[in-house]
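The values are calculated or read from the model by the stated rules, or taken from the named source; none is laboratory data. Keep in mind that this is a model prediction, so the values were computed, not measured. Please note: Cβ atoms are built from the backbone with ideal geometry, for glycine as well, and neighbour counts cover all protein chains shown.
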Amino acid sequence: MFGRLRYRKVIDAQLDLFVREHTGLINDAADKLDAYNRADRSDAEELYGDYLDVVETGTELLADMRDHYAASLEDPAQYLREFKTAVSRRLYPFALEIDNR
């Protein structure tokens, strides 16, 4: 059926688990972004790098979760699209580079 989210329940469960297990990482990313946004020009580059490091860690964790489940599917294309969309909605900073993982 067109427009049906076939993997919605499993993706919601995966993202719920990620949020429960990695709340500190999610909060750390938000804190690092806030620090960057408040920083003066001389510190901004280093603080943005710190933010990107945390985001990269979260993105890798999500990509590992995604890839592990996708490997169990005969044709994972729809699942991969739905996962990217769900991450973009719920955990936007971690979605920016997830296609590159």
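The table for this structure:
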read-out	value
Pairs with Cβ under 6 Å, 6+ apart, first in the range 59-76 and more than 18 Å from Ala95 (Cβ to Cβ), second surrounded by 10 or more Cβ atoms within 10 Å (Cβ to Cβ) and modelled with pLDDT of 95 or more	Leu73/Tyr79
Pair list, Cβ under 9 Å, 6 or more apart: the range 84-101 residue farther than 22 Å from Asp50 by Cα, other residue among the aromatic types (Phe, Trp, Tyr)	Ala86/Tyr7
Test result for Tyr69, within 25 Å of Lys9 (Cα to Cα), crowded, with 18+ Cβ neighbours inside 10 Å, more than 13 Å from the chain's Cα centre (by Cα) and of a type outside the set (Lys, Arg)	no
Total residues in the range 7-55, condition within 20 Å of Val87 (Cα to Cα) and either of a type in the set (Lys, Arg) or out of contact with any Asp or Glu (no Cβ under 7 Å at 6 or more places or on another chain) (or both)	29
Test: residue in the range 46-53 that is in contact with a helix residue (DSSP H, G or I) (Cβ under 6 Å, 6 or more places away or on another chain), closer than 11 Å to Ile11 by Cα, among the charged types (D, E, K, R) and modelled with pLDDT of 95 or more	no
Checklist (1) farther than 20 Å from Ile98 by Cα; (2) surrounded by 13 or more Cβ atoms within 10 Å (Cβ to Cβ); (3) out of contact with any Lys or Arg (no Cβ under 9 Å at 6 or more places or on another chain) applied to Asp34, failing item	(2)
